[in-house]
Amino acid sequence: MKEKTAPYKTHFYRKILIWLFLGVFFLMLLVSFGTFYVYFRYYVNGLADSALQSTAYVRADLNTQLENVTLLTDNMYLETEIQEILTGPQGNNQARMQRYYSGQIAPNPYFMYQIDLFDLQGNRYIYANSATIAHSFLAGSFADEWGPRVEQAGGRILWVDGREISPGASHLLFALRLIKNTHSNQPVGMAVVSVMKRSISGNLSLYATDTTQISLAGPDGTLVLAEDLRRDPEQMQVLDMDLVSGEEGYYTSLASSTLVVYLLDEATPWYVVQTIRLPTFFMFLQQVLGAMPVLFVLVLVLAGLFVWSLYRALSRPILTLVESMRSLESLDFTPPQLDVARDDEIGYLNRGYLLMLGEMKRLFENLVQEQNAKKNYELEALRAQINPHFLYNTLTVVRFLIDMGQNQSASQVLISLIKLLKINLDPKREMLTVEEEMEYLRNYLSIQKHRYDNFEVKCSVDPGAMPCAIPRLLIQPLVENSLFHGLKNGALHGRIAIQVRREDGRLRVQVQDSGAGFPPGFDVRAARVNAQRSSASIGLHNVNERLRLYYGPDSQLHTENLPGTGCRVWFTIPVEEG
C-alpha cells in the first residue's frame with residue numbers, strides 16, 4: 001500500500017518576503033547613512049576650497065608685513081655705517097647705531113621692532129623704534145648659541161618664535177640673519193630683528209570672523225601667533241600633525257566640530273592655519289557619528305540574526321539534503337536526519353526524499369541479490385562444464401589401460417581419480433591453497449602419465465606462494481590444454497613448464513609448453529563459442545570466465561605463441577592468504 005504524504009502549506013514564500021523586506025530595510029538604512037555622509041563630505045570640500053583661497057590671502061598679507069624685516073636686513077649689506085659698526089674699533093659703536101637708525105624712516109610706522117647687531121667678537125648693539133618693545137632677552141651667549149644655526153640656514157633670514165629664545169619672550173617674533181662684507185662676502189656679524197606679535201596679529205584679525213580663527217602654527221603644530229592675543233600660546237595645539245599631509249590641505253575634527261585648513265608659509269617655517277567652527281547641524285552630525293559604533297554593532301547583530309535565520313530555515317536543510325544525495329555516490333543508503341515535521345515545501349521535499357531513498361535501497365538490495373545469484377549460477381555451470389569434460393578424458397584413460405590388461409595401472413588411475421573427486425565434489429571447498437592445488441595437479445598428471453609417456457613436466461613454485469589461496473581447478477585446465485591440444489594428444493614429444501610466483505602483492509601462474517601453439521587469430525576472450533573454441537579451448541574459456549567473475553577484468557587469461565614452437569598461458573590474481 002502506498003504511503004500517503006502529509007500535505008504542506010505553501011507559505012514559505014511569505015518568509016522569503018519578510019526576509020527580503022528586512023534586507024531592503026537594512027539596505028535603505030545603510031544608503032541613508034551613505035547619502036548623508038556624501039553630502040557632508042561635499043559640503044566640507046566646498047567650504048575647505050573657499051577657506052584655502054582666503055588662507056592664501058592671509059599668507060600673502062603676512063609675507064607683505066614680513067618684508068619690512070627683509071628691507072631692514074637688506075639695507076645692512078649696503079650701508080657703510082653698519083659695516084663699520086660691525087668691523088670697526090670698539091668705542092662709540094652703540095651711539096653710532098642709535099644715531100643711524102634714529103634718522104631712518106621705518107618702512108611701516110606702526111611696525112614695532114628692535115634691532116640687535118652682534119659682531120664676531122660677541123659685542124652687541126641695540127636699537128628699538130619703540131620703548132614698548134625694548135628687551136634684553138638676547139644678552140649673554142645668544143650669538144654663540146644661535147650663530148651656527150643661522151649659518152646652517154645659509155645666511156638667510158631664520159624666523160624663530162620668542163618662546164624658543166626665552167619663556168618671557170612669547171610676545172615676540174625673531175628674525176635672525178647673517179651679515180656679510182659686501183666686498184669679501186665673508187661674515188662680519190649677525191642681525192636679530194625682534195617684532196611685536198601684535199604688529200602682525202592686528203592684520204590677521206581682519207580675516208577672522210565669529211566662526212573663523214586665524215593663527216600661525218609651528219612645525220610641531222603648536223600655536224605661534226593668533227589674531228586674538230588673549231589666546232594662551234603656551235603649548236596650544238592648533239594643528240594635528242598626524243593629519244597634515246603636504247604643504248597645504250585640510251581635515252575635519254569631529255571632536256571639536258571644526259574644519260582646519262592649513263597652508264605652509266613661503267618665508268617662515270610656520271603654517272597659516274584657519275580654524276572654522278562647523279554649524280550646529282554638524283554638531284548634531286557629530287552626535288550621530290559618535291553613536292555610529294553602537295549603530296554599527298546593532299546593524300551587525302541584526303544582520304547576523306537575519307543571516308542565521310535564513311541559514312537555519314533554508315540553507316542548512318538544503319545542504320543536509322545535498323550531502324545526503326552526495327552520499328548516494330558511494331551507495332550509502334543510511335537515512336539522514338531530516339526535518340520531516342515542517343509543513344512547508346522543505347518538509348515536503350524531505351519526506352519525499354526519505355521515501356525515495358527507502359525505495360532505492362530496496363531496489364538496490366534486490367539487484368545485489370539477483371547479481372550474486374546470477375554469479376553463483378554461472379560459477380556452478382562452469383564447474384559442471386569442467387567436471388564432465390575431465391571425467392570423460394580420465395575414464396578414457398582407464399578404459400585404455402583395462403583393454404591393454406594393465407589392471408594395476410588402472411587401479412592407480414582410479415585411486416588418483418578418487419583423490420581428485422574428493423576435492424572437486426566438495427561444495428565447501430571453493431578455494432584451495434597453492435600447495436593443495438599443486439597436489440591436485442600431481443594426481444591429475446599421474447593419471448595422464450599412464451596414457452602418455454612422451455612428455456615431461458617441470459614445476460617451479462615460489463615457497464612464499466604455497467599458502468596463498470586460489471580458486472580450485474584453475475591450473476589443471478591449463479595443463480590439460482597444453483597436453484591435449486599443444487602436444488596433440490601425445491602425438492608430439494614435448495615439455496610442459498608450470499611456474500607459480502608471488503610478485504608485488506599478486507600471484508602469477510604460468511603454463512608453457514613446446515607444442516604446436518595456438519592457431520592464427522586465436523582469441524580466448526571471444527564473445528561466442530565457435531568451432532575453433534569447441535575443439536581447442538573449452539578449458540581455457542572456462543578458466544578465463546571464472547577469473548573474470550572472481551577478480552574482474554584485471555585478472556583475465558593471457559595467451560602468447562613463442563618463437564619457433566610452443567605457447568605460453570598465464571594470469572595474475574591478488575594475493576590472498578589461505
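The values are calculated or read from the model by the stated rules, or taken from the named source; none is laboratory data. Worth saying up front: this structure is predicted, and the values here are computed from it rather than measured. Using ideal geometry, Cβ is built from the backbone for each residue, glycine included, and neighbour counts are taken over all protein chains shown. Accessible surface is based on the protein model in full, side chains and every heavy atom, while ligands, DNA and RNA are left aside. Shrake-Rupley method; radii C 1.70, N 1.55, O 1.52, S 1.80 Å.
Of these, TYR8, TYR37, which one is touching an Asp or Glu at 6+ places or on another chain (Cβ under 9 Å) and at pLDDT below 80? On inspection, the qualifying residue turns out to be TYR8.
Set side by side, the residues SER199, SER257 differ, and just one is touching a helix residue (DSSP H, G or I) at 6+ places or on another chain (Cβ under 7 Å) and either open to solvent by less than 20 Å² (accessible area, probe 1.4 Å) or not acidic (Asp, Glu) (or both), which is SER257. Do we find a residue being among the aliphatic types (A, V, I, L, M), open to solvent by 80 Å² or more (accessible area, probe 1.4 Å) and either part of a loop (DSSP other than H, G, I, E, B) or out of contact with any helix residue (DSSP H, G or I) (no Cβ under 6 Å at 6 or more places or on another chain) (or both) anywhere in segment 423-440? Yes, that holds for at least one residue. Look at segment 202-215: where a residue is within 16 Å of LEU62 (Cβ to Cβ) and a partner is surrounded by 14 or more Cβ atoms within 10 Å (Cβ to Cβ) and modelled with pLDDT under 80, sitting 6+ places away or on another chain with Cβ atoms under 6 Å, you get LEU204/GLU227; SER205/GLU227; ALA208/GLU227; ILE214/LEU204; ILE214/GLU227. Count of segment 446-464 residues, restricted to those that are in contact with a strand residue (DSSP E or B) (Cβ under 7 Å, 6 or more places away or on another chain) and either surrounded by fewer than 21 Cβ atoms within 10 Å (Cβ to Cβ) or more than 15 Å from VAL511 (Cβ to Cβ) (or both), is 8.
Every residue, every condition in (1) at pLDDT 85 or above; (2) in contact with a helix residue (DSSP H, G or I) (Cβ under 9 Å, 6 or more places away or on another chain); (3) assigned to a strand (DSSP E or B); (4) buried (at least 17 other Cβ atoms within 10 Å of the Cβ), yes or no:
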site: PRO519; (1), (2), (3), (4): no, yes, no, no
site: PHE522; (1), (2), (3), (4): no, yes, no, no
site: ALA527; (1), (2), (3), (4): no, no, no, no
site: SER534; (1), (2), (3), (4): no, no, no, no
site: GLU545; (1), (2), (3), (4): no, yes, no, yes
site: THR559; (1), (2), (3), (4): yes, yes, yes, yes
site: TRP570; (1), (2), (3), (4): yes, yes, yes, no
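Quick one: would you say TYR57 is at pLDDT 80 or above, among the aromatic types (Phe, Trp, Tyr) and open to solvent by 60 Å² or more (accessible area, probe 1.4 Å)? Spelling it out, TYR57 is indeed at pLDDT 80 or above, among the aromatic types (Phe, Trp, Tyr) and open to solvent by 60 Å² or more (accessible area, probe 1.4 Å). Against the list (1) in contact with a helix residue (DSSP H, G or I) (Cβ under 9 Å, 6 or more places away or on another chain); (2) assigned to a helix (DSSP H, G or I); (3) open to solvent by 30 Å² or more (accessible area, probe 1.4 Å), the condition VAL398 fails is (3). Checked against the criterion of being more than 60 Å from the chain's Cα centre (by Cα) and either over 25 Å from GLY91 (Cα atoms) or basic (Lys, Arg) (or both), the candidates ALA153, ALA175, ALA143, ALA169 yield just one match: ALA169.
Please indicate, with yes or no, whether at least one residue in segment 404-421 is in a helix (DSSP H, G or I), in contact with a Phe, Trp or Tyr (Cβ under 9 Å, 6 or more places away or on another chain), closer than 23 Å to LEU549 by Cα and of a type in the set (A, V, I, L, M). The answer is no, given that none of the residues of segment 404-421 is in a helix (DSSP H, G or I), in contact with a Phe, Trp or Tyr (Cβ under 9 Å, 6 or more places away or on another chain), closer than 23 Å to LEU549 by Cα and of a type in the set (A, V, I, L, M). Among the residues examined, LEU473 qualifies as hydrophobic (A, V, I, L, M, F, W, C), touching a Leu at 6+ places or on another chain (Cβ under 9 Å), closer than 16 Å to TRP570 by Cα and open to solvent by less than 60 Å² (accessible area, probe 1.4 Å). Could you check segment 476-505 and list, in sequence order, the residues that are surrounded by fewer than 15 Cβ atoms within 10 Å (Cβ to Cβ) and either under 14 Å from TYR440 (Cα atoms) or touching a helix residue (DSSP H, G or I) at 6+ places or on another chain (Cβ under 9 Å) (or both)? The one that is surrounded by fewer than 15 Cβ atoms within 10 Å (Cβ to Cβ) and either under 14 Å from TYR440 (Cα atoms) or touching a helix residue (DSSP H, G or I) at 6+ places or on another chain (Cβ under 9 Å) (or both): ASN489. Taking segment 443-474 only, how many residues are basic (Lys, Arg) and modelled with pLDDT of 90 or more? Residues that pass the stated criteria total 1.
All conditions but one from (1) under 19 Å from ASN561 (Cα atoms); (2) free of Cβ contacts under 8 Å to residues at least 12 places away in the same chain apply to ASP504; the one that does not is (1).
Select from segment 309-344 the residues that are at pLDDT 75 or above and more than 30 Å from GLU365 (Cα to Cα) and list them in ascending order. Of everything in segment 309-344, those that are at pLDDT 75 or above and more than 30 Å from GLU365 (Cα to Cα) turn out to be ARG342, ASP343, ASP344.
Here VAL192 meets each of (1) open to solvent by less than 40 Å² (accessible area, probe 1.4 Å); (2) without any contact (Cβ under 8 Å) to a residue 24 or more places away in the chain; (3) under 15 Å from PHE142 (Cα atoms) with one exception, condition (2).
Does LEU86 count as touching a Gly at 6+ places or on another chain (Cβ under 9 Å), closer than 25 Å to LEU206 by Cα and part of a helix (DSSP H, G or I)? So LEU86 fails the test.
Determine whether segment 445-460 contains at least one residue that is over 18 Å from LEU483 (Cα atoms), in a helix (DSSP H, G or I) and either touching a helix residue (DSSP H, G or I) at 6+ places or on another chain (Cβ under 8 Å) or touching a residue at least 60 places away in the same chain (Cβ under 8 Å) (or both). Among the residues of segment 445-460, not one is over 18 Å from LEU483 (Cα atoms), in a helix (DSSP H, G or I) and either touching a helix residue (DSSP H, G or I) at 6+ places or on another chain (Cβ under 8 Å) or touching a residue at least 60 places away in the same chain (Cβ under 8 Å) (or both), which makes the answer no.
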